[in-house]
Each structure stands twice: as structure tokens, then as C-alpha cells.
Amino acid sequence: MKYMLIMRATDEGYANLGELDFDEVLREVGEYNEELIRAGVLIAAEGLADASEGVVVDFSSEPPIVTDGPYGETKELFNGFYLLNVSSQQEAVEWAKRAPMTGPGFKTEIRRVPTIDEFPQDNEWIRKERAWREANGRL
């Protein structure tokens, strides 16, 4: 089963980052990534650029409104993710507990990623996506 570990940080978390040695952060993240690779569970992992570089497309009006970041009312920002292939939610939780970048202001949300097999297989769009995945080795 695939699970996404969504790394989140509050203002407090970001403030704490400024006190950390960046080389030490890279070492901790690198060692964690190496563990995931050795265990054969890592599918993907990415960090995100600062929210001030992003934009939001708000669909609550027509046409949608595009707003530059940072985002006004956000209490926590999604700042990266890990995508793991593990046997259970509990195994994903155990990996999340071992993640670097912990402490006050940091959280990890864990969400299961449904497979294409969980969608109606007689649907035209699901058949097209399945064909694309098969052709690109992503099934």
C-alpha cells in the first residue's frame, strides 16, 4: 500500500529551523532517506520551495482568483512529502516517527494513496489512465 507522509510546519517550526545547522539537517535527512531506500519502501520524496514563491488558485469565484504566497490564513504549511510503499498504516506511522525535522511546530500527516484498482474499471477515463500507466511502467 502507498502512503504519503506530508511534512508540515507552523511559524514556530520555521523559526526553529533558523537555529539549526543546515549541514546537520542535510545529514539527518540523508540518513533517513538512506534507511527508507535500504528498507525498499521509498517511492518518492521532495521538499517544497518557500511559500512566498508559490501562488494559490482560488475557485470560489468565476474566473478563479490567483493570489501570490505566502498564504494569509494558513496556520501550517505543507513543505514536503515522502511517498512510501509499506504494508500498513501502522508501518507508515513508524516511519513517520523516525523522520528528521521534529519538535515543536512540526507535524506529519499520513494519508493512504488509493490505487487505480479502487476506481470503477469500466470508466472510460480510468481505462485511459490505466493504459497510460501500463505504457509508462507506472502500474
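The values are calculated or read from the model by the stated rules, or taken from the named source; none is laboratory data. The model shown is predicted, which means the values in this text are computed figures rather than measured ones. A quick note on method: Cβ atoms are made from the backbone with ideal geometry, for glycine too, and the neighbour counts reach across all protein chains shown. We work out accessible area using only protein heavy atoms, side chains counted, and drop any ligands, DNA or RNA first. Shrake-Rupley method; radii C 1.70, N 1.55, O 1.52, S 1.80 Å.
On the basis of being more than 24 Å from Arg138 (Cβ to Cβ), of a type outside the set (D, E, K, R) and either modelled with pLDDT under 90 or within 19 Å of the chain's Cα centre (by Cα) (or both), does Val41 make the cut? Here the answer is no, as Val41 does not meet what is asked. Restricting Glu19, Glu12 to residues that are among the acidic types (Asp, Glu), part of a loop (DSSP other than H, G, I, E, B) and at pLDDT below 95 narrows the list to Glu19. Scanning segment 59-66 turns up no residue that is open to solvent by less than 70 Å² (accessible area, probe 1.4 Å), over 23 Å from Tyr14 (Cα atoms) and touching a residue at least 12 places away in the same chain (Cβ under 8 Å). The single condition among (1) outside any helix (DSSP H, G or I); (2) closer than 18 Å to Met4 by Cα; (3) open to solvent by 90 Å² or more (accessible area, probe 1.4 Å) that Tyr82 does not satisfy is (3). No other residue among Glu12, Glu91 is of a type in the set (Asp, Glu) and exposed (fewer than 14 other Cβ atoms within 10 Å of the Cβ) apart from Glu12.
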